[in-house]
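Remarks on the structure that follows.
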Amino acid sequence: MKATRLIVTILSLMVLAGIGYGLYRLFTFSPNFQMPEMPPPTVTVARPVVRAVDEFYDFIGTTVAVEQVDIRARVQGFLEKVHFVEGSRVKQGDPLFEIERTAYQAIRDQAYAQLQSRQAERVRARLDLERVEQAIKTNAVSQQEVTTRRAQHDQAEAYVAAAEATLKQADLDLSYTRIVSPIDGRISRRYVDAGNLVGAGQQTLLATVVRLQPMYVQFYVSEGFLGERLGVGAFDGGSTRPFFIARENEPDFPHAGILNYMDNRVDEGTGTLLLRGELPNADEAFLPGMFVRVRVPVGTQADAICVHDRALGTDIGGKFLLLVDPEGVVRRRPVGIGRLVGEMRVIPSGLSADEAYILQGAQFVFPGMKVNTVFEGQTPAAPAESNGPDAVPAQE
């Protein structure tokens, strides 16, 4: 069986080889043979659209609180009371925490008593000085006695000043036992529960208050953007330049603000510059630390050249278009690309408004190939004598 199969296989190969050789001889030596000509393929072409386009730049930014205050214990003691609901809104002056006051009240009272004593000593020293100053006029006392009384009076004055400072510090420490909100905003959770010792060796962090209205948005731009679009003095004397932001899940940029700050130096490592804008954030939709998309308008281009984005090709050299020249030959053209406007892509360089680019059928052609063309929206007809993009469809 194996020998039979081998013989059949060999015979089949010989037959196929004979047929192929016969066809080769026929096509090679036949004087009347001509290869059939295939008609050029038909592609759909379009001309660029010239239109006014708003120019802008997009960046990624982060939200930053206009004001953020860490609430810390400035004196040592046991935390007695917590007066707020975690995550709630607080106003400036609202009580937040209380640290035990008994010890600090006692220190304050002691300082006040010491001040009263020193003031009494000052009164006595002043009266003694006045008495000897009268007595020296009749030589009833010596000059040394006057000098001694004057020194005692000055010392009494110093003691009173020291006692007043001690009382002021005691009052300050006592006030630190009652912690109030320094700003309007929204407070975080409490980081320490009542009953714990705070302020021992360090100023214990108790909570954080952030102001949410307005909200800062900061982002970095390249130094090229600074030179071309803004300029170093862009924010001198204030700015009214608008910007727009959007959260990750928002298709458009519905939130508007005003750019109000530009840093005074470019980062040497990254070549970028910090810009900051202010967003009203009336609905408090943004919280500090969020990543947002930022759009900065920079003007309007009145005569931007736009093509259908789907007509663009990509290779290792970048973006390109396949054009059809007046002779109907496909040409590859590298182009620069701008932003997307709907389904159209702005082409800032590499294309003029009177050239025709292939919109459909580019996958069936290659540069240097001749094609028939039909403009977008037209019905294909029989090819005319000219195959270029300006050809008129033949009439029946």
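What the table shows:
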quantity	calculated
Gained length - R331 relative to I60, 0.36 nm times residue gap less alpha-carbon distance	93.8 nm
Karplus 3J(HN,Hα) series, Hz, for segment 82-94 with 6.51 cos²θ - 1.76 cosθ + 1.60 (x for Gly, Pro)	10, 9, 10, 9, 4, x, 8, 7, 10, 10, 4, x, 5
Net charge of Cβ neighbours under 11 Å - reference R310; Lys, Arg +1; Asp, Glu -1	-1
With all protein chains modelled, accessible area of D193 [1.4 Å, Å²]	80
Highest-first arrangement of 308-320, 87-99, where packing means the average Cβ count within 10 Å	87-99, 308-320
Label-reachable residues, segment 203-221, where backbone N falls under 18 Å from a point 7 Å from A282's Cα toward its Cβ	212-216
Estimated FRET transfer efficiency when R0 is 30 angstrom, pair R293-Y191 (beta carbons, to 0.05)	0.35
Simple spin-label estimate for Q119 and A158 in nanometres, 7 Å along Cα-Cβ	2.2
Lysines with Cα under 26 Å of K370, excluding same-chain neighbours fewer than 8 positions away	K319
Förster radius 41 Å - calculated FRET efficiency between E100 and Q213 (Cβ-Cβ, nearest 0.05)	0.70
Long-range amide H partners of R241 with built H, under 5 Å	L259
17 Å tail of the calculated P(r), segment 286-341, as % of Cα pairs	60
L172/D252 FRET efficiency (R0 45 Å; Cβ-Cβ; nearest 0.05)	0.30
Prolate/oblate/rounded label for segment 236-360 (Cα gyration tensor, a/c 1.5)	prolate
Other-chain or far-sequence residues with amide H under 5 Å of V335's (modelled H)	K319, F320, L321
Spin-label model distance (nm) - A151 vs K137, 7 Å beyond Cα toward Cβ	2.6
Neighbour net charge for L205 - beta-carbon separation under 12 angstrom, K R +1, D E -1	+3
Nonlocal amide H pairs with A356, under 5 Å, H built at 1.01 Å	V324
Kirkwood-Stokes translational diffusion coefficient of segment 132-194, alpha-carbon pairs, 25 °C, 0.890 mPa s, µm²/s	147
Rounded to the nearest 10 Å², the accessible area of T240 at probe 1.4 Å	120
Segments 251-259, 350-358 sorted - mean Cβ within 10 Å per residue, highest first	350-358, 251-259
Ranked packing of 127-138, 335-346, most packed first, by mean Cβ within 10 Å	335-346, 127-138
Local electrostatic count, Q68, Cβ distance below 14 Å [Lys/Arg +1, Asp/Glu -1]	0
Residue-by-residue Karplus 3J(HN,Hα) for segment 346-354, coefficients 6.51, -1.76, 1.60, Hz, glycine and proline x	6, 10, x, 8, x, 8, 10, 6, 9
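The values are calculated or read from the model by the stated rules, or taken from the named source; none is laboratory data. Being a predicted model, the structure only gives us computed values, none of them experimental. Every residue, glycine as well, gets a Cβ built from its backbone with ideal geometry; the counts of neighbours run over all protein chains shown. Note: areas computed on protein heavy atoms with side chains; ligands, DNA, RNA excluded. Shrake-Rupley method; radii C 1.70, N 1.55, O 1.52, S 1.80 Å.
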